[in-house]
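A short write-up of the structure that comes next.
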Amino acid sequence: MTVSPMPPARAKALEAIRRRLRDASSVVLTTHVNPDGDGIGSMVALASRLLRHGAEATIVTPSRPPASLRFLLRDLPALVEEDPAAADPLNAADTIAVLDTAEPKRLGGLPEHAERTGGVLIDHHPPVGSPLVTPAIRDPAACATGELVYDLLSLDDEGLTRAEAEALYAAISTDTGSFRFSNTSPRAHAIACVLLETGVDTGALYRALYGVYSRGRLALMRLALEGLEVDPRAPIAWIALDRRALSRTGARSDDMEGLVEFPRRLAGMEVGLLFRGLARNRTKVSLRSNGEVDVSGVAQLLGGGGHAKASGVLVELDLDEAVRVVLDALRPLVEAAVASKEDR
Ligand SMILES: [Mn+2]
């Protein structure tokens, strides 16, 4: 299997990153708060390659990786920023590698270190402003940061280890929704094919990534489904969970991941929402569109951000108030989208 060549601009940017990393002797790799499979898989593959090349490589994340993804870290040095032991690698680092985000505010205290040491940035979100460090690549044509790390490692002209292949497969699989979302490009499949050829066990990886739920998570899902509501005026469904939801069910905050898919999946809905009461006057909102409505505008209006189909915002409102404000902002957009769909 051969993977189609990467676009020339990407090859050029990754070559600059490769040169910068070749000169590094002590690298701290990081990703955004609430690390996901793409961030973790990308860090693991790159850290493994750096270690093989004789550099020091330590993973330091602004918050703890979810339990379901920790197996990917294997025996790599991996710490959380608040861990006192993280001070040593951070102070010793001559390079910070930032993966899967370009937003300084999602990196905890890491931007401070990156400004001191310089480093590299590899991300697939649409670029906003100037990058935190250069050389940088912010290439939204890539399905995942894992695709960019695959391309970077392929410049070395040496094979991937099975652990590297597994990490990259996990990265691409999680960010493409197991090869189901619309970012699942032919290239995503071609890279996956190459990764499988190195011996990745997809069945075992699938079960580790998606196949095991704790009792707390199932209890949270039940609570969420019991509370699913549909707007009587527009095809919008939502789940609102108050700040006691986790303690009542024994779930962890990363068990919230994916709950927004339930309202989005309800037949006939254009938009699905998840509201999480975090504290009095603090509610986190996830917005998902099935394609007709661009939800990023409403998220931005309220101070958040994201993509047309997936956005988020933290609002300084109580849970009930947040539901009302977001629905009021969304309804006209959804009604307009429904009307234009009927005209087609
Ligand atoms: Mn990603």
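The values are calculated or read from the model by the stated rules, or taken from the named source; none is laboratory data. Everything numeric here is computed off the predicted structure, so don't read it as measured data. Quick reminder, even Gly has a Cβ in these numbers, built from the backbone with ideal geometry, and neighbours come from all protein chains shown. Only protein heavy atoms, including side chains, enter the accessible area calculation; ligands, DNA and RNA are left aside. Shrake-Rupley method; radii C 1.70, N 1.55, O 1.52, S 1.80 Å.
List of remarks:
- Residue match in region 208-228 (condition: more than 19 Å from the chain's Cα centre (by Cα) and of a type in the set (S, T, N, Q)): yes
- Counted residues, region 268-317 - those being more than 24 Å from residue 125 (Cβ to Cβ), open to solvent by 50 Å² or more (accessible area, probe 1.4 Å) and not polar (S, T, N, Q): 4
- A Cβ distance below 6 Å, combined with a sequence gap of six or more or placement on separate chains, defines the contacts here; from region 121-133, residues that are acidic (Asp, Glu) reach residues that are within 15 Å of the ligand (Cβ to nearest atom) and open to solvent by 40 Å² or more (accessible area, probe 1.4 Å) in the pairs 123/138.
- Selected residue [at pLDDT 95 or above, closer than 30 Å to residue 207 by Cα and open to solvent by 10 Å² or more (accessible area, probe 1.4 Å)] from 158, 166: 166
- Checking region 68-90 against the condition returns a match, with at least one residue being in contact with a strand residue (DSSP E or B) (Cβ under 9 Å, 6 or more places away or on another chain), farther than 30 Å from residue 251 by Cβ, assigned by TED's automatic domain parsing to the domain that holds residue 189 and surrounded by 17 or more Cβ atoms within 10 Å (Cβ to Cβ).
- In region 28-58, the qualifying residues are those that are away from the ligand (no atom under 16 Å from the Cβ) and in a loop (DSSP other than H, G, I, E, B), and the one that is most open to solvent (accessible area, probe 1.4 Å) is 53.
- Scope region 126-155; condition open to solvent by 50 Å² or more (accessible area, probe 1.4 Å), more than 17 Å from residue 97 (Cα to Cα) and among the small types (Gly, Ala, Ser); matching residues: 129, 141, 154
- For region 181-201, taking the residues that are within 15 Å of the ligand (Cβ to nearest atom) and over 15 Å from residue 150 (Cα atoms), the one that is surrounded by the fewest Cβ atoms within 10 Å (Cβ to Cβ) is identified as 182.
- Residues satisfying the stated conditions in region 169-180, i.e. away from the ligand (no atom under 12 Å from the Cβ) and crowded, with 24+ Cβ neighbours inside 10 Å: 169
- Residue check: residue 113 meets all listed conditions (1) open to solvent by less than 10 Å² (accessible area, probe 1.4 Å); (2) assigned to a helix (DSSP H, G or I) but one, namely (1).
- Every residue from region 18-27 that is polar (S, T, N, Q) and part of a strand (DSSP E or B): 26
- Among the residues of region 100-110, the ones that are assigned to a loop (DSSP other than H, G, I, E, B) and free of Cβ contacts under 8 Å to residues at least 24 places away in the same chain come to 0 in all.
- Here residue 222 clears all of (1) more than 30 Å from residue 338 (Cβ to Cβ); (2) open to solvent by less than 30 Å² (accessible area, probe 1.4 Å) except the condition numbered (2).
Rundown of residues vs (1) part of a helix (DSSP H, G or I); (2) within 15 Å of the ligand (Cβ to nearest atom), yes/no style:
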| residue | (1), (2) |
| --- | --- |
| 98 | no, yes |
| 125 | no, yes |
| 134 | no, no |
| 137 | no, yes |
| 146 | yes, yes |
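- Each residue in region 100-110 was checked for being more than 16 Å from the ligand (Cβ to nearest atom) and surrounded by 20 or more Cβ atoms within 10 Å (Cβ to Cβ), and 1 of them qualify.
- Enumeration of residues in region 64-91 that are away from the ligand (no atom under 16 Å from the Cβ) and in contact with a Pro (Cβ under 9 Å, 6 or more places away or on another chain): 64, 73, 77, 78, 79, 80, 81, 82, 89
- Any pair with Cβ under 8 angstrom, 6 or more apart, that starts in region 30-51 at a residue that is among the aromatic types (Phe, Trp, Tyr) and ends at one that is within 13 Å of the ligand (Cβ to nearest atom): none
- Meets criteria (under 30 Å from residue 274 (Cβ atoms), modelled with pLDDT of 95 or more, surrounded by 15 or more Cβ atoms within 10 Å (Cβ to Cβ) and not small (Gly, Ala, Ser)) for residue 121: yes
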